[in-house]
Amino acid sequence: MPPTVGVVLAGGLSRRMGGQDKVLLAFEGLTLLEYVAQRLAPQCESLIVNANGEPRRFGTLPFPVVTDSVAGHLGPLAGILTALEWTQAHRPGVEWVVSVPADTPFVPSDLVGRLHEARGESRHTLACASSGEQLHFAVGLWPISLRQDLREMLVKSDIRSIRDWAKRHGYAEASWHTEPRDPFFNINTPDDWVTAKVLLQQERRR
Ligand SMILES: Nc1nc2c(ncn2[C@@H]2O[C@H](COP(=O)(O)OP(=O)(O)OP(=O)(O)O)[C@@H](O)[C@H]2O)c(=O)[nH]1
């Protein structure tokens, strides 16, 4: 598997969580952000956390916290761009970045390998994860060769969705089952938070 930098996307505003910063909520004795980072880190050459604005709110982390390299809340694409540019500057020879949102606690342990596999078996330069019928564009494999293309698009156009950018280039799809639970279940609301705790207990019992 080619060396790959992992980025945990944590630049969101948590509006649907009712004013709490969801990535700082306690999960298995860690914050949700730490929990997701720990699941992804073993699969990557190195890992960074992407923030938007004040990085100190995350406390002390064993990973670099890198703030968006373009100003404004431009969404998760800005986090992917930041990770591509960071990798180019700090990890010479590494050509790939895998992104995972910080609100996705059950991210699978074979994520990075399967994304590379799907891309390698296709004619595409990108790969995204899917489960059931749903594509999860924020969970993807991105080449650093596209960083300039992404920067120009973010700065010069009003395209903000990862899906629109991925569609412009074409992407392979790596699929996971949704049973016994969706590995890409993500937490947006207080109800999702309750569901995530139930899913965690079920996972422990298996
Ligand atoms: N770097 C960066 N990441 C973002 C930004 N906005 C959202 N994200 C990330 O994109 C992913 C999906 O975000 P959402 O869950 O849709 O948005 P959110 O802001 O976290 O939550 P809501 O405010 O409730 O929509 C999460 O990992 C966010 O951290 C941004 O402006 N910059």
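Taken together, the values in this text are just the output of simple stated rules run on the coordinates, not laboratory data. What you see is a predicted model, and the numbers here were worked out from it, not measured in a lab. Cβ: placed from backbone, ideal geometry, glycine included. Neighbour counts: every protein chain shown.
Descriptive notes on the structure:
- If you go through segment 40-65 and keep only what is part of a loop (DSSP other than H, G, I, E, B) and either within 18 Å of LEU30 (Cβ to Cβ) or more than 8 Å from the ligand (Cβ to nearest atom) (or both), you end up with CYS44, GLU45, GLY53, GLU54, GLY59, THR60, LEU61, PRO62, PHE63, PRO64.
- Within this structure, LEU24 passes the test of being more than 23 Å from SER130 (Cβ to Cβ), more than 10 Å from the ligand (Cβ to nearest atom), touching a Ser or Thr at 6+ places or on another chain (Cβ under 6 Å) and not polar (S, T, N, Q).
- Pair list, Cβ under 6 Å, 6 or more apart: segment 159-183 residue closer than 30 Å to VAL198 by Cα, other residue charged (D, E, K, R) and in a helix (DSSP H, G or I): ALA174/ARG114
- Screening ASN186 against (1) exposed (fewer than 15 other Cβ atoms within 10 Å of the Cβ); (2) within 13 Å of the ligand (Cβ to nearest atom) leaves a single unmet condition, (1).
- Some residue of segment 123-139 being loosely packed, with under 15 Cβ neighbours inside 10 Å and more than 30 Å from THR31 (Cα to Cα): yes
- Filtering segment 181-206 to residues that are farther than 16 Å from LEU33 by Cα, among the charged types (D, E, K, R) and assigned to a helix (DSSP H, G or I) leaves ASP191, GLU203, ARG204, ARG205.
- Positions within segment 2-22 being aliphatic (A, V, I, L, M) and either over 13 Å from the mean Cα position of the chain (by Cα) or in a loop (DSSP other than H, G, I, E, B) (or both), in sequence order: ALA10, LEU13, MET17
- In segment 66-154, counting only strands (runs of 3 or more DSSP E) that sit wholly within it, the ones holding 2 or more residues that are more than 14 Å from the ligand (Cβ to nearest atom) span 126-131, 134-143.
- Residues of segment 58-103 classified as of a type in the set (Val, Ile, Thr), surrounded by fewer than 16 Cβ atoms within 10 Å (Cβ to Cβ) and within 20 Å of PRO143 (Cβ to Cβ), total: 1
- Filtered by the rule that a residue be free of Cβ contacts under 8 Å to residues at least 60 places away in the same chain, more than 24 Å from TRP96 (Cα to Cα) and either crowded, with 16+ Cβ neighbours inside 10 Å or within 14 Å of the chain's Cα centre (by Cα) (or both), segment 26-54 gives a lone residue, THR31.
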